[in-house]
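Student: Following this message is one structure expressed as structure tokens.
The values are calculated or read from the model by the stated rules, or taken from the named source; none is laboratory data. Keep in mind the model is a prediction, meaning the values are calculated, not measured. Virtual Cβ from ideal backbone geometry, glycine too; neighbours counted across all protein chains shown.
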Amino acid sequence: MPDEVTNLAPEERVLSTLNEDGSRRWVNPRPSKGKFFYARRIVAYLLIVIFSAVPWISFNGKPLIFLDVVHREFTFFGKTFLPTDTLLLAILLIILFVTIFLITALFGRIWCGWACPQTVYMEFLYRPIEWLFNGAPGKRKPKKFIGFRKFLQYAVYLLISLHLAQTFLSYFVGAHNLSEWILGSPADHPVAFIIVAVTTGLMMFDFAYFREQVCCVMCPYARMQSALLDKDSLTITYDKNRGEPRGRMVKKPKSSSGEPINLPVLGDCIDCTMCVQTCPTGIDIRDGLQLECIGCAQCADACNVVMEKIGRPLGLIRYASERMIEGEKTHFIRPRVVIYPLILIGAISAFVFLLSTKPAADVLFIRGQGQVFNILESDEIANQVRVRISNRTEKPATYTVSIVDPPGVRIDQFSPMEIEATETVSENLLIVAPFSLFEDGKIVLSIKINDDQGKFETIETYKILGPMSLPKD
Ligand code: SF4
Ligand code: SF4
């Protein structure tokens, strides 16, 4: 063994929540109350109410949002999307992503700091509960009864996590269904019970233990930040031109002759580190924009209190673009801010067009399983075909399938299909055609499908197969 152990610690800081030895640096941010905190708190409580209420709200007789994964149906604002709507759902995703890109280009990670459920629940629900039982950093309660207080804190965490897990699940199974299940025995709905139990456990793990690590190491959005931001994006920024050189405020010392000694002129930052102590991801904003910064503006609130105390203008840390800090003009109109809205207009137009021109039903013919065709004793050829019909309307409908062309081809073993609203049903058909109609072993059929409501009628083409010749007796 060499006497000197090589220090493998990286020379630069890798992560704000990592100690040099690789262990976790726990972050206990100090509360900072200011205009951003109060505004964020209003937004956060509004979002919590909306998130909890949405599964209970109906629109056009349907839940406002219902993600029925089991039946592969997704309802948004009263409109149900079926598995056949892959293109529409893909366009919806594009709209969502481009909107996030646009907002990030304009306002940085405003989503993370103001609206992301991780921040909203952590900073405005779980963290205040911790402070209620144990006191905030700097105002910690005496150690007396600490065990009991911790127990109460985690008991409340558990109740909130359970509520969150149930709310989360109600988006997938429906709030009314879930409330019925909750009142019943877990044995009646074991899958739902297990999902709620696991989700509650994950919530506890996240908000009681993992916390800011989600933003610092897990969330992919943080990693895309550098590509989405530019010099004109508004982010929480430390004005280094105003703040530096930083230094503690000291009384002007005097020389032995009583003359005041001139000290170097300092910037507005008095190096009190309040901005660092309040940061929920444990970074120092004075080092510049970092991947861990969630744009929560807590450092801006903390610094404003300090600036007020020392009689300096507020906003040493503020929403500003890199150009603003450099004293340059910020360009609000720039290529990406023009291109993203153009993509959005295109995607929204395509979405509305596709949605409004969607037929009242989707029809798909698939070849039946097993033998491709059978030769009947009557010298007719039978093809087994499977038809799948999705009723896209809000009412039950009965669908009829009939052969329009060529004459002489018929459908056996089929009765009209009764399909509930937004349901999809598959049936087998037996299509029988005289051998004389086959050319080169095939017939191209025109098949009519219509409903009894007069809302849907279409003619599909489908090729049935047959032999090139009939076997001799
Ligand atoms: S809170 Fe303001 S004054 Fe204090 S260290 Fe941070 S930037 Fe400097
Ligand atoms: S640096 Fe400021 S804005 Fe960024 S996460 Fe920390 S406190 Fe929030």
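Student: I'm trying to understand the selection: among the residues of region 292-327, which are part of a loop (DSSP other than H, G, I, E, B), within 12 Å of ligand 2 (Cβ to nearest atom) and under 12 Å from residue 235 (Cβ atoms)?
Tutor: 293, 294, 295, 296, 297
Student: For residue 283, only one of the following conditions fails: (1) of a type in the set (A, V, I, L, M); (2) at pLDDT 90 or above; (3) not in a loop (DSSP other than H, G, I, E, B). What is its number?
Tutor: (3)
Student: Name every residue in region 285-302 that is touching a residue at least 60 places away in the same chain (Cβ under 8 Å) and within 13 Å of ligand 1 (Cβ to nearest atom), in order of residue number.
Tutor: Within region 285-302, 297, 298, 299, 300, 301, 302 meet the criteria.
Student: Could you list all residues from region 122-142 that are at pLDDT 95 or above and within 16 Å of ligand 2 (Cβ to nearest atom)?
Tutor: 122, 123, 124, 127
Student: Look through 456, 438 and report the one residue that is under 36 Å from the mean Cα position of the chain (by Cα) and buried (at least 18 other Cβ atoms within 10 Å of the Cβ).
Tutor: When all the criteria are applied, what remains is 456.
Student: Go through the residues of region 125-145 one by one and say whether even a single one is assigned to a helix (DSSP H, G or I), within 21 Å of the chain's Cα centre (by Cα) and closer than 30 Å to residue 290 by Cβ.
Tutor: Scanning region 125-145 turns up at least one residue that is assigned to a helix (DSSP H, G or I), within 21 Å of the chain's Cα centre (by Cα) and closer than 30 Å to residue 290 by Cβ.
Student: Next question. Output the residues belonging to region 267-280 that are part of a loop (DSSP other than H, G, I, E, B) and either away from ligand 1 (no atom under 11 Å from the Cβ) or touching a residue at least 40 places away in the same chain (Cβ under 8 Å) (or both).
Tutor: 268, 269, 270, 278, 279, 280
Student: When only residues in region 205-233 that are in contact with a helix residue (DSSP H, G or I) (Cβ under 6 Å, 6 or more places away or on another chain) and surrounded by fewer than 20 Cβ atoms within 10 Å (Cβ to Cβ) count, which is farthest from residue 267 (Cα to Cα)?
Tutor: The residue in question is 208.
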